[in-house]
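Taking it in order: structure first as C-alpha cells, then the write-up.
The values are calculated or read from the model by the stated rules, or taken from the named source; none is laboratory data. Model, not experiment: these values are computed from the prediction. Counting neighbours? That spans all protein chains shown, and the Cβs are built from the backbone with ideal geometry, glycine included. Just the protein is used for accessible areas: all its heavy atoms, side chains included, with ligands, DNA and RNA removed. Shrake-Rupley method; radii C 1.70, N 1.55, O 1.52, S 1.80 Å.
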Amino acid sequence: MIEQDIVREGAVAKRLLGYLLLFRRQVAFALFILVLALGAQLAAPIVTKTIIDDHLLAIQFDWTELRPEDVPEGVRSVPFRDMAYVRSDWLGDDRGISAPGPTARFRSAADGGGFTLDSPAYGEATLSGAEVAAFYRHDVAPIGWLVALIVALTLVGSALTYLQSFLLQSSAQRIVQRMRMDVFRHLQRLPIAFFDKTPVGQIVSRVANDTENIKELYISFTATFVVSGLNIVGVFVALLFLEWRLALLCALILPLFGLLLYLHLKYSKKYVQIVRAKLAEMNAMLNEMIHVMPVVQAFRREETMKREFGRLNEERYRSQVTQFRIFAFSGRNVVYFVSRLLTAFILWYFGSQALGGGTGAGGVISFGALYAFVDYLGRIYEPIVGIFDQMTNAQRAFVSAERVFALMDREGEKEDARETSSAPRPEGRVEFEDVTFAYVPGENVLKGISFEAKRGETIALVGHTGSGKSSIMNLLLGFYEPNSGTIRIDGVDIRTMSKQALRRHMGIVLQDPFLFTGDVKFNVSLYNESIDEQAARRALAEVGAGPFVDRLANGLAEPVVERGSTMSAGERQLVSFARALAYDPAILILDEATASIDSETEQVIQHALDVLRHGRTTFVIAHRLSTIKGADRILVLNRGVVEERGTHDELMALRGRYYRMYLLQNAERPVGAG
C-alpha cells in the first residue's frame, strides 16, 4: 500500500513538474534573479563583520609608537602629545621603517569608562573622548562607505526579491491558468455518462477550488521551498567561510528538521484528504439544495438538510482540528525550540574559546565573526519555519492535484478539428439496425431497435416513462455507445465519426430549456459568429418569439440572468427553439419540446415546424400526442422495444397501445365500452 502511494505521488509530482517546465524560461530567469538577491542579502553580515572587526574594534590592535619624523611617507598615523602612533594593520610589511618602535596598546579604563593607552613614552594615559575619536579618524570614511554598501545591498536585495517574487508568482498563475483551461477543455470531452453519475458540486470543486489550491502549491514551492532551500544553502556556505567546524556541527539540525517534516507529512496527509473530500461533498450538497430549494421548502425538509450539512461540516472540522494539532507539534514551535538551544550552544562555544584562550579554528573568534555567525543562524530558522508553515498548504494542494489529474485521466471523446470543420452537411437519413443498449450492464433499456428515417421525414417517439425514447436520442447524438447493433447517418456508421463531426449538423431542444447569462441574441447564437443579429431575429420570428422579444425593453440586447429565471417557461422554450433553428441543422431533435408551452404558443411552433420540416429530418419525443398527429411515422415504445409503428391514422385504426394512450389523454372512451 505504501509503495502504491509512493508511485502515485511520484506520478503526480512528475505531472506537476511537466506543467512547470512549460514555463521553464520564466522560472529559470526568476531563479537567477533569486540567486542575485540572496547574494546581496547574505553579503550584508560579512560587511558588518568587517565594520566591527576591522574598524570599530581595530583600536585594540597593536600600535607602533614613533616620533613624527620617523613615520614613513604615505603611512597613516595618529598624533598624540609629542608622538605618532601607527596601527599594525596600517604598517603592512613594516614598509619604510628601518627600526620599528615600541608597541602601545589600548585597554578599557579600570572604571569602565573610555580607554587607557599603555604607552612606553607616557605609561598609562587615560584618553578623553576627543582623543579616542582622534584615533578613529582614519576609520570614519571606510565605515561610512561600508554602511552605504550595506544600505545599497539592502535596497538591491529588496528590489531583486520583489522582482523574483513577482516573476515566480506570475509564473505560478500562468501554470494554473494553463491547467485550469486543460481541465475545462477535458470536461467538454467527457461522455455524458460521467455527468450523469457525478454531482455538479464535485465537478465545480475540481475546476475552481482544487486548481486554486494547486496555484498555492506552485507559489509555495517557488516562493517558499526554493527560496528557503537556496537561503539555507547560502547561509551554510557563509558559515563554512566563518568557522567550518562549527558550521558542520550546525548542519546536524537539517536531518532533525527533515525527520520532523517527514513525520508531519506522514500523519497529516490522511486528514488533509478527509478535509478535501468533505469540502467536495459539502459543495455538492449545497449546489443540489440551491437547485431544488422549492422542493425542499415544499416538503419541509429544511431541518433534515440542515442536519446532514451539519454532519459533514462537523466531520470536516474534526479532521482539520487533528491536522492543526499535528502541525502545532511538528511546526514552528519545535523549530524555535531547537534554534534557541543551538544559539545558546554557539554563544557557549565562542565564550569558552575566548575565556580559555582556545584557538578554535586558528585563533579566538572575533566579535564580528560571532555577530555574523548568529546573524546567519537566524537566517536559517526563518526559511525552515516558512517551509513548515507552508507545508499544510502544499500538502492540501498536492491532494487537490491528485483529484484534478484523476479527473483529467478519465477517458474522453477524441477531438478531430479538421474533420469537424470540413464535415459536409448530411442529407439526414438515419438508420437504427438491431440496436441494444444498457446504462447498467445486464439491464437493457433498448432491445433490438430498428427503424429508418428518410430525409425530410418527421419521426415521433412515444411511450411511457422509461420506455427508451430519450435513450434513442442519446445514442443518435453519440452521448452513449450501443452495446450491439449499428446506427448510421447517410449510410455511415456513427462510431467511425468524431463526436464533433457527428453533432455539427444536429440541433436539439430539451424539455427543460437552459438559457445562459448574457442577452437574448447571445442565447440564440452561442458564440457562432455566422449568426448575426439579423439571423437571430429571423430565427426568433420563425418560431413565433418575435412579439415577446419586441416587448422587451432592450429587444435582442435584453439581459438574461442565470437560467433565464426572469422569463416564463414558454418564453425560454421559444428562445431555445430559435437557437436550434438558427444553426440550420440537418437533423432536428425535439425532446418534449412543447411540454412547457401553452396551447396558443404550441400552435405557433407547430406552424413553424410545418415550414422547417422541408429538407430536414426531425425527431419528436412527446407525451402530448396531439402535437405529433402530422408526423410521417410514429414509433410506440414499450419497455425498450418498438411495439407499434405507423402514422397517426394507421395506429388509431390498430386500436392498440397508441389508441388507448390517445383516448386516455383526450378523456374519451372506446366505442362500445360499458
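Separation of the alpha carbons by more than 23 angstrom is noted, of Lys521/Lys629; Lys454/Lys521; Lys197/Lys278; Lys469/Lys499; Lys447/Lys629, for Lys521/Lys629; Lys454/Lys521; Lys447/Lys629.
Among 277-284, 116-123, 191-198, what's the highest-first ranking by average C-beta atoms within 10 angstrom per residue? If you can, show how the numbers build up before the last one.
On the way: 277-284: 19.6, 116-123: 15.5, 191-198: 12.8.
With the highest mean Cβ count within 10 Å placed first, the list reads 277-284, 116-123, 191-198.
Placing dummy labels 7 Å off each Cα toward the beta-carbon, the span from Trp145 to Leu261 is 4.1 nm. Cα axis of helix 332-356 to longest principal axis of the chain: angle in degrees, 0 to 90, nearest 10? Helix 332-356 sits at roughly 10 degrees to that axis.
Pull up the DSSP beta bridges for the chain and report the antiparallel fraction as a percent, rounded to 5. Let's see the in-between values first.
Details: 38 of 57 bridges.
If I count the DSSP bridges inside the chain, around 65 percent turn out antiparallel.
Among the listed values [x] 3, 10, 15, 15, 13, 10, 9, 7, 6, 5, 4, 2, 1, 0, 0; [y] 3, 14, 22, 22, 16, 11, 8, 4, 1, 0; [z] 3, 13, 20, 21, 20, 14, 7, 2, 0, 0, the one computed from these coordinates for P(r) over Cα pairs in 10 Å bins from 0, in percent is [x].
Using the Cβ-Cβ distance between Gln188 and Leu163 with R0 = 35 Å, the FRET efficiency computed as 1/(1 + (r/R0)^6) comes to roughly 0.40. Per-residue 3J(HN,Hα) values for the stretch 169-178, derived from phi via the Karplus relation 6.51 cos²θ - 1.76 cosθ + 1.60 with θ = phi - 60°, read 6, 5, 5, 4, 5, 5, 4, 6, 4, 5 Hz in sequence order (x marks Gly and Pro).
In this structure the amide hydrogen of Leu446, modeled in the peptide plane, comes within under 5 Å of the amide hydrogens of Phe437, none closer than 5 places in sequence on its chain. What the phi angles of the stretch 10-15 give under the Karplus curve with 6.51, -1.76 and 1.60, with θ = phi - 60°, is a coupling list of x, 5, 5, 4, 5, 5 Hz, glycine and proline written as x.
In terms of packing, defined here as the mean over residues of other Cβ atoms within 10 angstrom, the peptides 247-256, 431-440 line up highest first as 431-440, 247-256.
Residue ranges 453-463, 156-166 sort as 453-463, 156-166 when ordered by packing (mean number of other C-beta atoms within 10 Å per residue, highest first).
If contacts are Cα pairs under 8 angstrom and at least 6 residues apart, what is the relative contact order of the stretch 148-235 in percent? Worked out over the stretch 148-235, it gives 48 percent. As a calculated quantity, the FRET efficiency between Leu249 and Asn333 at R0 = 25 Å, using C-beta atoms, amounts to about 0.60.
Quote the relative contact order of the chain in percent (integer), defining contacts as alpha-carbon pairs under 8 Å separated by 6+ residues. Display every interim value, and only then the final one.
Values: 909 pairs, mean separation 81.4, N = 674.
Once normalised by length, the contact order is 12 percent.
Normalised size of the stretch 273-322, defined as Cα radius of gyration per 2.2 N^0.38 Å with N residues, equals 1.25. Label positions at Val374 and Asp490, each projected 7 Å from the Cα along the C-beta direction, are separated by 8.6 nm. Could you give the angle, 0 to 90 degrees to the nearest 10, between helix 599-612's Cα long axis and the longest principal axis of the Cα atoms of the chain? Computed tilt is about 90 degrees.
For Gly518, the residues whose modelled amide H falls within less than 5 Å of its own, excluding neighbours fewer than 5 places apart on the same chain, are Val560.
What a 1.4 Å probe finds exposed on the chain is 57% carbon and sulfur by accessible area, rounded to a whole percent. Close amide H contacts of Thr647 (hydrogens built in the peptide plane, cut-off under 5 Å, sequence separation of 5 or more or a different chain): Ile634.
The 3J(HN,Hα) values that the Karplus relation (6.51, -1.76, 1.60; θ = phi - 60°) gives for the stretch 366-382 are, in residue order, 6, 5, x, 5, 4, 4, 5, 5, 5, 4, 5, 4, x, 6, 7, 5, 4 Hz. Gly and Pro appear as x.
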